[in-house]
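Engineer: Dumping the structure here so I can ask a few things about it.
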Amino acid sequence: MGKLLSEKTKKVFLGPLNKNNPITVQVLGICSALAVTAELKPALVMGISVTIIVAFSNVIISLLRNTIPNSIRIIVQLVVVAALVTVVSEILKAFAYDVSVQLSVYIGLIITNCILMGRLEAFAMANKPWASFIDGLGNGFGYAWILVVIAFFRELFGSGSLFGFPIIPEKLYEWGYINNGLMILPPMALILVACIIWIQRSRNKELQEK
Amino acid sequence: MEALNIFVKSIFVDNMIFAYFLGMCSYLAVSKNVKTSLGLGIAVIFVLFITLPVNYLLETYILKEGALAWLGPKFATVDLSYLSFIIFIAVIAAITQLVEMIVEKFTPALYNSLGIFLPLIAVNCAIMGASLFMQQRDFAHLGEATGYALGSGVGWALAIVGLAAIREKMEYSNVPTPLRGLGIAFITVALMGMAFMCFSGLGIPE
């Protein structure tokens, strides 16, 4: 790997996984992160889709960055992203129809996912294609792991299963254990994100506000 | 009547923020004081009110399967729905730009208070989300779509003004340091969401 990943590239890739995480630190792309995490499977599919779209749109915009007129750059970015999202959405409809139904409008909403616009504006417009690709991958993974962690807890405690397979043993239910219905409802997603932020910020003092 | 019902429901029951988390990014970023958040709320209502009916017409007469039947029997089976993402976002970006120019020209006072927010709205998920929900719900006529647009806009504005008011008060309270700012804002939104849940089932009786 040596030459392929220089010190700077490594920082670009690893930063978003922790100290520069798109969700908990940059506060980007929260809408979909919260809405698709009631179960693990759609969360994972969403994470992968966003990673692919961020990485490739970063590359495309980075290749075009010297030819895009400044005044219409937002529209150019939106069109590139919308085209990529359409491709991903058609692929999902063809090969994973049930997941695409579960994700409903949130696949389309990747277009307006702030991670995309944020990364395109902040990174791809000013960097070379390879670095932009790594940045896209890093931010995509940073987004995906938060989604997976939230979905893990919500599905485990909310429906007692993981990836749709029951995990909590029948015996426990016979002894009176009940699934926590609140975990499935929207507000718990917010509280779980708040918990992740809490843990992350108490470990990294420099991220704390005031 | 049905349109009024949809209007009320989309404010309280299907609230953009509390039920679908749409427009969260600007919701959390701009809700630090009541005045600016009110400005952004009004801008969102305004843009939704214009873009959603336009997208509804495009959807019914051009994009939907069989929507092109008015061109002649040959077009009755054409399905252009795979183009909807690109068309919707283009309409939203174009109309936001247009609204910005019109507001700047005719009401400079309003422009000065909304100015910075208008371009941001093009990438607000609430606007795009409303168009996609409109596509999914298959409204019967333009009135219902307009009612939905207004309702979701008002619901979003209500949510952001509420959060901003709470956050202004929270300045004086002693929150654990790691939770300050973003963390506590998330928890506040969650609690507001739980409070809004008691509206579920609300509607105007036929």
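The values are calculated or read from the model by the stated rules, or taken from the named source; none is laboratory data. Worth saying up front: this structure is predicted, and the values here are computed from it rather than measured. Cβ: placed from backbone, ideal geometry, glycine included. Neighbour counts: every protein chain shown. For the accessible areas, the whole protein counts, side chains as well, though only heavy atoms, and no ligand, DNA or RNA atoms are used. Shrake-Rupley method; radii C 1.70, N 1.55, O 1.52, S 1.80 Å.
Engineer: At 1.4 Å probe size, with the rest of the protein present, what percent of the exposed accessible area of region B:2-199 is carbon and sulfur atoms?
Structural biologist: Using a 1.4 Å probe with all protein chains present, region B:2-199 comes out at 70 percent carbon and sulfur.
Engineer: Using a probe of 1.4 angstrom, how much of the accessible area of chain A is carbon and sulfur, in percent?
Structural biologist: 70 percent
Engineer: Counting each DSSP H run of 4 or more residues in chain B as -39500 (n - 2.57), what helix-only mean residue ellipticity at 222 nm follows after dividing by all residues, to the nearest 500 deg cm²/dmol? Working shown, then result.
Structural biologist: Working: 9 runs with 135 residues, N = 206.
Here the helix-only value at 222 nm equals -21500 deg cm²/dmol.
Engineer: Out of region A:110-210, which chymotrypsin sites (Phe, Trp or Tyr not before Pro) are coil in DSSP terms and have no more than 15 other C-beta atoms within 10 Å? Can you show the working numbers first?
Structural biologist: Working: sites: A:Phe123, A:Trp130, A:Phe133, A:Phe141, A:Tyr143, A:Trp145, A:Phe152, A:Phe153, A:Phe157, A:Phe163, A:Tyr173, A:Trp175, A:Tyr177, A:Trp198; in loops: A:Phe123, A:Phe163, A:Trp175, A:Tyr177.
Of the chymotrypsin sites (Phe, Trp or Tyr not before Pro), the ones in loops of region A:110-210 whose Cβ has at most 15 other Cβ atoms within 10 Å are A:Phe163, A:Trp175, A:Tyr177.
Engineer: Name the shape class, rounded, prolate or oblate, that the alpha-carbon gyration tensor gives for chain B, where a ≥ b ≥ c are the square roots of its eigenvalues, rounded holds for a/c under 1.5, and otherwise prolate holds if a/b is larger than b/c and oblate otherwise.
Structural biologist: Prolate, since a/c reaches 1.5 and a/b exceeds b/c.
Engineer: Could you tell me, in Å, what Rg and Dmax come out for the Cα atoms of region B:139-206?
Structural biologist: Reported Rg and Dmax, both Å: 16.5, 51.
Engineer: For chain B, modelled as a GNM with alpha-carbon contacts under 10 angstrom, which of B:Thr51, B:Thr36, B:Thr146 fluctuates the most?
Structural biologist: B:Thr36
Engineer: With +1 assigned to the C-beta of every Lys and Arg and -1 to the C-beta of every Asp and Glu, and no other charges, what is the dipole magnitude of region A:21-150 about the Cα centre in debye, to the nearest 20?
Structural biologist: That gives region A:21-150 a dipole magnitude of about 260 debye.
Engineer: Could you please report the charge total around B:Ala145, scoring K, R as +1 and D, E as -1 over all other residues with beta-carbon less than 15 angstrom from its beta-carbon? Each step should come with its number before you reach the end.
Structural biologist: On the way: positive: B:Lys9, B:Lys64, B:Arg137; negative: B:Glu2, B:Asp14, B:Glu59, B:Asp138, B:Glu144.
Around B:Ala145, the charge tally is -2.
Engineer: For A:Ile134, what is the net charge nearby, where nearby means another residue's Cβ is under 12 Å from its Cβ and Lys, Arg count +1, Asp, Glu -1?
Structural biologist: Here the count lands on +4.
Engineer: Let me ask another. Is the C-alpha gyration tensor of region A:25-156 telling us rounded, prolate or oblate? Criteria: a/c under 1.5 is rounded; beyond that, a/b larger than b/c is prolate, otherwise oblate.
Structural biologist: Prolate.
Engineer: List the equivalent ellipsoid semi-axes of region B:61-106 in whole Å, largest first, each obtained as the square root of 5λ for an eigenvalue λ of the Cα gyration tensor. Don't skip to the end; give the middle numbers.
Structural biologist: Values: eigenvalues 200, 28, 4 Å².
Each semi-axis is the square root of five times an eigenvalue, giving 32, 12, 5 Å.
Engineer: Still on this model: Taking Cα pairs under 8 Å and at least six residues apart, what relative contact order does chain A come out at, in percent?
Structural biologist: Result for chain A is 34 percent.
Engineer: So, one more: Between A:Leu162 and residues 5 or more places away or on another chain, which pairs have amide H atoms under 5 Å apart, with H built 1.01 Å from N, and which residues are they?
Structural biologist: For A:Leu162, whose amide H was placed from the backbone, the distant partners under 5 Å are A:Ile167.
Engineer: Additional query: Considering the options B:Tyr56, B:Ile184, B:Gly41, tell which one lies farthest towards the positive end of the dipole of chain B, charges being +1 on Lys and Arg and -1 on Asp and Glu at the Cβ, about the Cα centre.
Structural biologist: The residue sitting farthest along the positive end of the dipole is B:Ile184.
Engineer: How large is the charge dipole for the protein assembly as shown, taken about the Cα centre, if only the Cβ atoms of Lys, Arg (+1) and Asp, Glu (-1) carry charge, to the nearest 20 debye?
Structural biologist: That gives the protein assembly as shown a dipole magnitude of about 1480 debye.
Engineer: Shape of region A:76-210 from its Cα gyration tensor (a ≥ b ≥ c, root eigenvalues): rounded if a/c is under 1.5, otherwise prolate when a/b > b/c, or oblate? Provide the component values of the computation, followed by the final result.
Structural biologist: Values: a/c = 2.78, a/b = 1.44, b/c = 1.93.
Since a/c reaches 1.5 but b/c is at least a/b, the shape of region A:76-210 is classed as oblate.
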